[in-house]
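Down below is the structure, laid out as structure tokens.
What follows is calculated from the coordinates using simple rules that are stated; it is not laboratory data. Predicted, not measured: the structure shown is a model, and the values here were computed from it. Quick reminder, even Gly has a Cβ in these numbers, built from the backbone with ideal geometry, and neighbours come from all protein chains shown.
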Amino acid sequence: MEIDVFLKSIKKRRSLVAGIILGAFILVATVTFVQPLKYSVKSRLLIAQNLSGADPYTVSKSNQYLSNLFSQVVYSSSFFNLTTSAGFNIDTSYFGNDYKSQMKVWKKTVEARSVGDTGIMEIYIYHPNTYQAQQIALAVNQTLISKSFNYQKGGDQVSVSVIDQPLTSTFPVKPNLALNFVAALVLGVVTAMLYIYFFPLKTKRPRTVAAPTPIYQKLPDNNYSRNPYPTAPINLPTTDNTEYSEQVIPQGNMGNILR
């Protein structure tokens, strides 16, 4: 399909395009708002190791190793148990009763990132309730500060300190409403374009009108068909029997005279 024809098809079927885009928005909105809206709580921790006599590069790599290690440890079941028993007001029923559901919900609740080779960890907690998100964030930080020796061999040489206290988001961040609705717009436009391209309008052919059947009329039956020429009158003179030399003027109509 040529581009100009395609653009004309879009213009002619703009109501269809608008309907498909609206349908995509409704579909994405339904999927978005079926799941609960979650707030986020972000905090940052600094992991440092006291290596006497070591060069700065070795210390930096060691700190990076520990931050990467702790960013994976927070997803474990042992860390979950330490966090929920840290003495904070955490509603454990939110995570379910069996081990499988607890780990599934916990991995959606906590997120840990290691920031390059700086030894800094970013901890994100996602929860529908801002108070519960704050309590979980405080418990995670406290567990990393006081129980980190369970996951590394440095002992007292490793220190974990909070450099940014937990900060709660003003609006829900999960699911991402702005991103979802932009995706709905893109999905609707692409779907409408593909539909118009693969299912173009059918052009109507002009109706062919049959030629009328000629009607032949019978000519009237008259004397012209048998005798096309009229007979001459019988009163015309045939010989000149006059005594005078005057020219005899014929009598009759012009047709008889010409004959």
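Applied to the range 88-105, the Karplus parametrisation 6.51 cos²θ - 1.76 cosθ + 1.60 on θ = phi - 60° returns per-residue 3J(HN,Hα) values of 9, 7, 9, 7, 6, 5, 4, 8, x, 9, 9, 4, 4, 5, 4, 5, 5, 6 Hz, with x for Gly and Pro. For the cross-link pairs Lys12/Lys202; Lys61/Lys174; Lys104/Lys153; Lys108/Lys153, the ones whose C-alpha atoms lie over 23 Å apart are Lys61/Lys174; Lys104/Lys153; Lys108/Lys153.
Extending 7 Å from the Cα toward the beta-carbon at both Ser78 and Lys8 defines two label points whose distance is 7.3 nm.
Computed extension gain for Ala183 through Thr213, at 0.36 nm per residue and net of the alpha carbon distance, reaches 4.4 nm.
Full extension of the chain between Phe199 and Tyr65 yields a length gain of 42.5 nm, computed as 0.36 nm times the residue separation minus the alpha carbon distance.
A straight chain from Gln35 to Ser101 at 0.36 nm per residue would run longer than the Cα-Cα distance by 22.1 nm.
With each label modelled as a point 7 angstrom along the Cα→C-beta vector, the Thr130-Thr191 pair spans 3.5 nm. Given R0 = 25 Å, the distance between the Cβ atoms of Tyr57 and Ser159 translates into a calculated FRET efficiency of 0.80.
Working ranking of peptides 136-145, 122-131, 99-108, 16-25 by packing, defined as the average number of other Cβ atoms within 10 Å per residue, highest first, is 136-145, 122-131, 16-25, 99-108. Electrostatic tally near Phe6: other residues with Cβ closer than 15 Å to its Cβ, Lys and Arg +1, Asp and Glu -1, net +3.
Shape index of the range 36-168: Rg/Rh, with Rg the Cα radius of gyration and Rh the Kirkwood radius from the inverse mean 1/r over Cα pairs, equals 0.99.
Near Ser40, once Lys and Arg are set to +1 and Asp and Glu to -1 for all other residues with Cβ below 13 Å from its Cβ, the sum equals +3.
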